[in-house]
1. Suppose we filter region 74-99 for residues that are surrounded by fewer than 19 Cβ atoms within 10 Å (Cβ to Cβ) and of a type in the set (Ser, Thr, Tyr); how many remain?
2. Take region 284-309 and flag every residue that is of a type in the set (Ser, Thr, Tyr) and open to solvent by less than 60 Å² (accessible area, probe 1.4 Å).
3. Would you say Val43 is at pLDDT 95 or above and not hydroxyl-bearing (Ser, Thr, Tyr)?
4. Could you please find all residues in region 203-242 being open to solvent by 50 Å² or more (accessible area, probe 1.4 Å) and at pLDDT below 95?
5. If we scan region 310-326, do we find a residue that is of a type in the set (Gly, Ala, Ser) and open to solvent by 80 Å² or more (accessible area, probe 1.4 Å)?
6. Give the residue that is farthest from Leu285 (Cα to Cα), with candidates limited to residues of region 381-396 that are aliphatic (A, V, I, L, M) and either assigned to a loop (DSSP other than H, G, I, E, B) or at pLDDT 95 or above (or both).
7. Within the bounds of region 178-189, is there any residue that is out of contact with any Cys (no Cβ under 7 Å at 6 or more places or on another chain), open to solvent by 10 Å² or more (accessible area, probe 1.4 Å) and within 30 Å of Ala322 (Cβ to Cβ)?
Amino acid sequence: MKVAVEGCCHGELDKIYESISYLENKEGVKVDLLLCCGDFQAVRNEGDMKCMAVPAKYRHMQTFYKYYSGEKRAPVLTIFIGGNHEASNHLQEFPYGGWVAPNIYYLGYAGIVRFKGVRIGGVSGIFKSHDYKKGHFEFPPYSPESLRSVYHIRNIDVFKLKQIKMPIDIFMTHDWPRGIYHYGNTNQLIRQKKFLRQEVESGTLGSPAAAELLDHMQPTYWFSAHLHVKFAALMQHEAKNNAAPKITKFLSLDKCLPHRDFLQILEVADRPGSSVHLEYDPEWLAILKATDSLQKPSCNFWNPPQDNGLHTRWDFSASEEAMMEVVSDLSGDLCIPENFSLTVPAYDPSRPQPNAHPFYSTNPQTTELCATLGLTDIYILAGQSGQAYGEEGATGATEEEEDEDSTGSVDEPSEYPTDTSGLSSSYNPDEITIEDEWEEEEDEGVECAEGKGTDAVVPEGQVGSQDSDRDSSPQREMANRLILPPPCSAPESEDPLRSLRPLSLPPPSLPPPSASLSQGSSEEEGGLTPARVPKRTSGETTQGPASHTGGTPQIKRRNQSIYTAVEDEENEG
């Protein structure tokens, strides 16, 4: 099936769907699924904008509200995760995922679903060590601190995902897994984003939690965003249990702006005979049920149970019986019900309400799922606990502590200036930007926007025969739904690595951003290209900190206005 992958969305749904439609018409393809890797900004009204961690003057309604209100409908099934610029009061209604609009599905704090037999998982937010061990205690109205801690990844969600035993096809994170740059063209990455050099050389770029999940799950594809650059890598994992080593194809994409590599269409192998509807994943739901009692809406530190003699249970992986119980709870129907409903009024352009207060309420989708499976709505628990940042003496990390405790991701790189006067009088250490990022892109001519690099190659999915092994027994038929058959196998002659051709979109009144289609053929490429052996290509064994020339850009605590300077964006593109 054709899967469109998008980097940082920033609420630009109209432009993203228009770009997909253009590529479909130009190339004669049909996109089955859109995956968005964070900063989705599901803003329903003016109140939601006040729950985004951006300065007030950079809060824009964008176009999501049209899909929420029903004015428009997403033309392709869309699945997304959260990033670090979100309407957090909205997304918190869906701790286990749900429809934020018809045909637009949020995976929750962490989640796994199925589509056409492909297992798609993700975790929302970004990693910050000072909040990693806390529970999801945040509840609106947010304090200046909780407005940012609310989108920080928690170890409870990583612990749940580490209970997964069955293969994952696609996984999404907003920030990169730490160290993934070793498996792509690191030198080119640093040339495009010079300010990353320091963290690349110190080994602190990226999320250690994501790296832990990458090592555990070893999915076929891993998609990210956050750093606003297109980067591809091919990582070969160490062999486990005498099995052949798995390979993960990593791709990160840019933000949705003109002439930026924010969108790519890939061919992903589906499983013939599987449902064409979005489905729950039995293994994941069984894990949610098993770990439900572990969730605490507390800002105190929590350590997951381990096999150290202090816990009666530490393995919460799903047994076949537990998965069968989940299927039974759902009355044998794994299809996710299309039960979206409006919970707050949608933005009305004819009646703007700039002084509207944020709405916060429970969501009937979450209520229904919790009642069906016996889960706890942790959003309700957070509201009932009445805990706020500071009531129990817990505080966010200071600026100095964050600098000493580097957690990668360039301290939450953002296109927004770091002036937080619109939010509070206190300085926000989570919104650190590096001024040199955009200046250096202009100096370099932004070669990546031209699609000249050959490193950004993501192997495509495979197409072939299907497994038709069936059993007419109702019990066996239900059990067979728990374990997916392997994806279709490809003919040996099929090229596993195909070049990605950048496509220039036409110049309408508002120039749409650039996009690329994973489309190639042996005729255009002049024959078959042999598959390359995954290896480290960063050249780090021959290059040390003293071997490069030029000074390392200094991290600056303030940045010039990015969105207000149209000329700067054009120079970047």
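The values are calculated or read from the model by the stated rules, or taken from the named source; none is laboratory data. Because the structure is predicted, anything quoted here is derived from the model rather than measured. Neighbour counts run over all protein chains shown; Cβ positions are idealised from the backbone, glycine included. All accessible areas refer to the heavy atoms of the entire protein, side chains included, with ligands and DNA or RNA removed. Shrake-Rupley method; radii C 1.70, N 1.55, O 1.52, S 1.80 Å.
1. Within region 74-99, residues that are surrounded by fewer than 19 Cβ atoms within 10 Å (Cβ to Cβ) and of a type in the set (Ser, Thr, Tyr) number 0.
2. Thr291, Ser298
3. yes
4. Correct list: Glu238, Ala239, Lys240, Asn241, Asn242.
5. no
6. For region 381-396, the residue satisfying everything is Ala394.
7. No, that holds for no residue.
The rows are residues; the columns are (1) at pLDDT below 90; (2) hydrophobic (A, V, I, L, M, F, W, C); (3) open to solvent by less than 40 Å² (accessible area, probe 1.4 Å); (4) in contact with a helix residue (DSSP H, G or I) (Cβ under 9 Å, 6 or more places away or on another chain).
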site	(1), (2), (3), (4)
Ser328	no, no, no, yes
Gln365	no, no, yes, no
Leu373	no, yes, yes, yes
Tyr379	no, no, yes, yes
Thr398	yes, no, no, yes
